[in-house]
Amino acid sequence: MTPAGSLLVAEDLHKAYGSTPALVGASFSIHPGEVVAVMGPSGSGKSTLLHCLAGIVPPDAGTIGYGGRDLTAMSDAERSTLRRTEFGFVFQFGQLVPELTCLENVALPLRLSGTRRKAAERAAAEWMERLEITDVSGKRPGEVSGGQGQRVAVARALVTSPRVLFADEPTGALDSLNGERVMQLLTDAARESSTAVVLVTHEARVAAYSDREVVVRDGTVRDMAGV
Ligand SMILES: Nc1ncnc2c1ncn2[C@@H]1O[C@H](COP(=O)(O)OP(=O)(O)OP(=O)(O)O)[C@@H](O)[C@H]1O
Ligand SMILES: [Mg+2]
């Protein structure tokens, strides 16, 4: 049933919010190390698809297989362990903890899974260096630019070496130059560590960094292979 070599496979997902259908038979799959851009009009179901794939929102029907396990059959506790240990997230707004420094923000996912402070901060510092934001380590998120904050969020998503990175409009708040720089850093880092990236974006420029594009329209996914 699972396409050969796929890491994450969703089949025939349905999700409605009250009487509003968000997903209507959406299917999706991604290989390790693959970067897939999810495009489509506003309200078409992109974020809902991403949230279902990431185990944040349960679909009403359909299956989601991850590494041979069915996400929809797991307990909440199992799903949240999976999210913490195997997945990374970059969202557009409000994702950094304002009271923590940028370094502490990047180290946070490791701290939450039990890594000691020194080791966590060492790993965080390495990722911040790769993303060229070492200079904001000691600042709080409110004291850095939008582009720097976005890079802090990317570093934080990658610090646990996730198998899948979910990014919903990760460059939405950035001008095109900064957006492209962040995409370059994100995709380079992901390809180096064979992290699969599910990338929701409106922008063709951003999608150009992907290996493959799919389009969500009215709650279903269409492949854009060869387009
Ligand atoms: N929490 C929610 N409660 C009610 N309806 C929702 C909720 N989230 C999404 N929807 C509805 O589900 C549909 C799909 O929304 P979704 O957020 O997945 O779209 P999207 O493609 O990500 O759009 P955008 O590009 O604007 O972010 C829309 O009709 C939306 O109004
Ligand atoms: Mg959305």
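The values are calculated or read from the model by the stated rules, or taken from the named source; none is laboratory data. As the structure is a prediction and not an experimental result, all values here were calculated from the model. Cβ: placed from backbone, ideal geometry, glycine included. Neighbour counts: every protein chain shown.
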Practice item. Determine whether LEU165 is closer than 17 Å to ALA54 by Cα, buried (at least 22 other Cβ atoms within 10 Å of the Cβ) and either of a type outside the set (Asp, Glu) or at pLDDT below 85 (or both). Key: yes
Check your understanding: For the subset of segment 45-68 comprising residues that are within 16 Å of ligand 2 (Cβ to nearest atom) and of a type in the set (Ser, Thr, Tyr), which member is surrounded by the fewest Cβ atoms within 10 Å (Cβ to Cβ)?
Key -> SER47
Review point. With respect to the numbered conditions (1) more than 18 Å from the chain's Cα centre (by Cα); (2) in a strand (DSSP E or B); (3) within 20 Å of SER194 (Cα to Cα); (4) of a type in the set (Gly, Ala, Ser), which one is the sole condition not fulfilled by ALA4?
Key: (2)
Practice item. Answer yes if at least one residue in segment 38-53 is of a type outside the set (A, V, I, L, M, F, W, C), without any contact (Cβ under 8 Å) to a residue 24 or more places away in the chain and more than 8 Å from ligand 1 (Cβ to nearest atom), and no otherwise. Key: no
Review point. Right, GLY5: buried (at least 17 other Cβ atoms within 10 Å of the Cβ) and either acidic (Asp, Glu) or under 21 Å from LEU82 (Cβ atoms) (or both) or not?
Key: no
Study note, to complete from the structure: Taking segment 126-153 and the residues there that are charged (D, E, K, R) and closer than 19 Å to PHE89 by Cβ, the one that is surrounded by the fewest Cβ atoms within 10 Å (Cβ to Cβ) would be ARG130
Review point. Which is touching a strand residue (DSSP E or B) at 6+ places or on another chain (Cβ under 8 Å), of a type in the set (S, T, N, Q) and assigned to a strand (DSSP E or B), of THR63, THR48?
Key: THR63
Exercise for review: Return the only residue of VAL200, VAL159, VAL144 being in contact with a Lys or Arg (Cβ under 6 Å, 6 or more places away or on another chain) and either within 19 Å of PRO98 (Cα to Cα) or modelled with pLDDT of 85 or more (or both).
Suggested key: VAL200
Check your understanding: From the list VAL9, VAL36, which one is at pLDDT 95 or above, of a type outside the set (Lys, Arg), within 16 Å of ligand 2 (Cβ to nearest atom) and within 13 Å of ALA196 (Cβ to Cβ)?
Key -> VAL36
Practice item. Go through the residues of segment 108-125 one by one and say whether even a single one is crowded, with 21+ Cβ neighbours inside 10 Å, over 30 Å from GLY5 (Cβ atoms) and modelled with pLDDT of 95 or more. Key: yes
Point to revise | Selection count, segment 69-107, where residues are small (Gly, Ala, Ser), assigned to a helix (DSSP H, G or I) and surrounded by fewer than 17 Cβ atoms within 10 Å (Cβ to Cβ) | key: 3
**Study point:** Residues within segment 182-202 that are surrounded by 18 or more Cβ atoms within 10 Å (Cβ to Cβ) and either farther than 18 Å from PHE89 by Cα or touching a Leu at 6+ places or on another chain (Cβ under 9 Å) (or both), tallied
**Key:** 13
